[in-house]
Amino acid sequence: MTEVLVTAKIMPKDVEVNIDELLEKVKGIKEARFNSADKEPIAFGLVAIVARFVVADAEGAADNIEKALRSIPEVGEVEITEVHRLL
């Protein structure tokens with residue numbers, strides 16, 4: 001089965017969230033295999049995580065990743081920004 005790379009932009013609930021601890025929780029989701037992440041400064045001390053996951057190309061895979069990320073208490077918003085089929 002083909003795999004896809006799903007990129008998600010994850011915003012913490014507020015500036016007080018420890019971004020390194022949040023990143024560890026993001027890496028630990030079971031719905032997909034963590035690939036990589038970058039920290040993206042937004043404004044006023046707020047930092048977003050841009051995380052990439054590899055998952056089987058199946059209907060609803062990106063939605064499952066989004067749900068898993070939203071279930072982390074420190075997460076404020078999640079946006080799936082890209083989905084690419086891997087060769």
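What follows draws every value from the coordinates through simple rules; no lab data is involved. Computed from a prediction, not measured in an experiment: that's the story for all the values here. FYI the Cβ positions are ideal-geometry reconstructions off the backbone, even for glycines, and counts take in every protein chain you see.
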Residues (surrounded by 13 or more Cβ atoms within 10 Å (Cβ to Cβ) and farther than 19 Å from Lys67 by Cβ) located in the range 1-37: Glu3, Val17, Ile19
The lone exception for Val55 - which of (1) surrounded by fewer than 13 Cβ atoms within 10 Å (Cβ to Cβ); (2) more than 11 Å from the chain's Cα centre (by Cα) it fails: (1)
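For the range 19-57, what are the residues that are farther than 22 Å from Arg85 by Cα, among the small types (Gly, Ala, Ser), in a strand (DSSP E or B) and touching a residue at least 24 places away in the same chain (Cβ under 8 Å)?
Listed by number, the list holds a single entry, Ala48.
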Output for the range 63-77, where each listed residue is in a helix (DSSP H, G or I) and of a type in the set (A, V, I, L, M, F, W, C): Ile65, Ala68, Leu69
